[in-house]
1. Across the residues of A:28-36, average count of Cβ atoms on other protein chains within 10 Å?
2. Sequence neighbours fewer than 8 away in the same chain don't count; with that in mind, list the lysines whose C-alpha is under 20 Å from B:Lys79.
3. I need the phi-derived Karplus couplings for the stretch B:134-145: 6.51 cos²θ - 1.76 cosθ + 1.60, θ = phi - 60°, integer Hz, Gly and Pro marked x.
4. Taking amide H positions as placed 1.01 Å from N in the peptide plane, with prolines and chain starts having none, which residues 5 or more places from B:Thr73, or on another chain, fall under 5 Å of its amide H?
5. Using a cut-off of 20 Å between alpha-carbon atoms, which aspartates and glutamates can reach A:Lys117, once sequence neighbours fewer than 8 places away in the same chain are excluded?
6. Let me know the Kirkwood hydrodynamic radius for chain A, please, with Cα pairs as the basis and the value in Å to one decimal.
7. Equivalent-ellipsoid semi-axes (√(5λ), Cα gyration tensor) for the stretch A:65-121, whole Å, largest first?
8. When chain A is treated as a GNM, springs tying every alpha-carbon pair under 10 Å, which of A:Glu17, A:Glu88, A:Glu103 comes out with the largest mean-square fluctuation?
Amino acid sequence: MTDVSGTGKGTAERTAESTRAQPVYIPQADIYETKDALFVSLEMPGANPDAISITLDKRVLAVRGRSMQKRPAGFSPVHAEYREGDYERSFTLSEAIDGDRIEASFEDGILDLKLPKAQPAPAKKIGVKHG
Amino acid sequence: MIRYTPGVDLWGEPLATLRRIQDEINRTFNEPQAPAAEYPALNIWRGEDAVLVTAEVPGVRMEDMELTVHQNTLTIKGKRAPVATEPDVSFHRRERTFGSFARTIALPFNVDPDRVQACAENGVLTITLPRPEAERPRKIQISKA
């Protein structure tokens, strides 16, 4: 289930459970396309940019991250609306992407990906043998 | 005959009652009791001399946010900007919301507006609100008569 309305991060419904007793969030995404690239922005507040993994396997783009909350010393929680958890989301891309030129940046809790489209392979001429 | 509801019968099952209270406390923290109906989602922490508020504000720039403190209320106002794109793009998904937001919360005690500090990291805003010097709890020495 993806929560697209309002504020919340949706929580994933999955067949396999996580080993950690923490929620798995589906980061909300904006995806748009230009003539030569696909752009993906994901909301991942609290994620450590060094621990975000982005993989492109065949045509499946998978993003994972983890939001960590600092537990301040000498403070006790009195109200909680969000908690730490994992971020996971994957997309099946309809177009071939040049995996070597993917650019990723993380700023203010937003992961921005630029996925340049692969150049189409030049047409090959095949000669016909005749004997 | 007076009937006690089992939940409040402190004498019958003191351990069970304690366990139930403990469960309730654990649940309060482990499962957000108010799963972010309002934006931004907040966590509030209380210390002896200060209260700490953290808010998830991905994509909101610090200069687009405004904090107001009055006695024991804190107001967070801000604006989420839509993604800036070139003119000829086609959107596949547009799930992130944008626009202005405002949220006011009551803090556990009055705070000193001059010493409020706020910083943002990875899309999480942390606001530290210290208690005024005059209102801090004080230890009283008991003197012998």
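Since every read-out is calculated from the coordinates, none of them should be taken as a lab result. Since we're looking at a predicted model, the values are computed, not measured. Because the Cβ atoms are built from the backbone with ideal geometry, glycine has one as well, and the counts that use them run over all protein chains shown.
1. Numbers: counts 6, 5, 11, 6, 9, 5, 6, 3, 0.
Mean shielding by partner chains, rounded to a whole number: 6.
2. Answer for B:Lys79, where 20 Å is the Cα cut-off: A:Lys9, listed by chain and number.
3. With coefficients 6.51, -1.76 and 1.60, one gets 5, 9, 5, x, 10, 7, 9, 7, 9, 9, 6, 6 Hz.
4. B:Leu107
5. Within reach: A:Asp30, A:Glu33, A:Asp36, A:Asp57, A:Glu95, A:Asp98, A:Asp100, A:Glu103, B:Glu86, B:Asp88.
6. Hydrodynamic radius (Kirkwood, Cα only) of chain A equals 17.2 Å.
7. Values: eigenvalues 291, 29, 11 Å².
Calculated on Cα positions only, the semi-axes equal 38, 12, 8 Å.
8. Comparing A:Glu17, A:Glu88, A:Glu103 in a Gaussian network model of chain A, the most mobile one is A:Glu17.
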